[in-house]
């Protein structure tokens, strides 16, 4: 079995791929590795660049697609194609520190944890400091709900990822959904404030610039996990509050007089200890599902 499978989703990242590949090919450590690039029907020169890389390194796997379906579906596709014990996910324009993978793997194995998340920052690529520490989190779902994680700076055991169902393919942007889904499955995880992914300052075509899509996907990230849990689950309340927050932000950014809307007052109640009812959540989900201009993979 391969030790680490890098799974990188690519959509029109020709401008970024040389930098990303440079950071991958110099990864330090005595571990076996493969590089699974999943192209999401790019219309630029991304595939040409990937083929050029693969011609020089037989550890590179290219998964090609004819239809653009979004990162959630493509990450799952890459995970299925991967053979590694550990999955190291990357966005197609994020580079990683030269010792990132070895540092993450060491931390996971030393603490017997299946998942580690770190930080993604806009900064130059530099090694993870020797002084960096990883915090053991005993309640991963509660942590992921209280501290929303909205990026791909993680390494996870492939067996755990597959058992969790991977990314929620009902959601186009998986960033906040994935840590919630993984957190609902595992008993412990690691968190570090160290930079494990280096984001470029300018990101052409960045998905998060679509604010309506962002609010839609963040609502369903919490709502879908909440729907999968027992009604009396200890973290049901915080997931309901995440739903209320997404509802309010969508209303705030989409119409006049948002401060006088039911969504705002519901959000205030959630901040004061309350939570939206099942009926309110169902009605909100229906409105989000009826919203136009939203990518819904399935």
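The values are calculated or read from the model by the stated rules, or taken from the named source; none is laboratory data. Computed from a predicted model, the values in this text were never measured in an experiment. Neighbour counts run over all protein chains shown; Cβ positions are idealised from the backbone, glycine included.
The table below gives the values:
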{"quantity": "Some residue of the stretch 83-99 being in contact (Cβ under 8 Å) with a residue 12 or more places away in the chain, within 30 Å of residue 138 (Cα to Cα) and assigned to a helix (DSSP H, G or I)", "calculated": "no"}
{"quantity": "Extreme residue, surrounded by the most Cβ atoms within 10 Å (Cβ to Cβ), among residues of the stretch 73-92 that are over 26 Å from residue 130 (Cβ atoms), under 15 Å from the mean Cα position of the chain (by Cα) and modelled with pLDDT of 95 or more", "calculated": "74"}
{"quantity": "Boolean, residue 265 is more than 30 Å from residue 10 (Cα to Cα) and either assigned to a helix (DSSP H, G or I) or modelled with pLDDT of 90 or more (or both)", "calculated": "yes"}
{"quantity": "Pairs where the first residue, in the stretch 129-156, is at pLDDT below 90 and the second is crowded, with 17+ Cβ neighbours inside 10 Å and part of a loop (DSSP other than H, G, I, E, B), C-beta under 6 Å, 6+ apart", "calculated": "148/176; 150/175; 150/176; 151/175"}
{"quantity": "Residue in the stretch 239-259 that is touching a residue at least 40 places away in the same chain (Cβ under 8 Å) and exposed (fewer than 15 other Cβ atoms within 10 Å of the Cβ) present", "calculated": "yes"}
{"quantity": "Qualifying positions in the stretch 20-55 - under 23 Å from residue 97 (Cβ atoms), outside any loop (DSSP other than H, G, I, E, B) and over 24 Å from the mean Cα position of the chain (by Cα)", "calculated": "49, 53"}
{"quantity": "Positions within the stretch 9-30 being touching a helix residue (DSSP H, G or I) at 6+ places or on another chain (Cβ under 7 Å), at negative phi and touching a residue at least 40 places away in the same chain (Cβ under 8 Å), in sequence order", "calculated": "9, 10, 13, 17, 27, 28"}
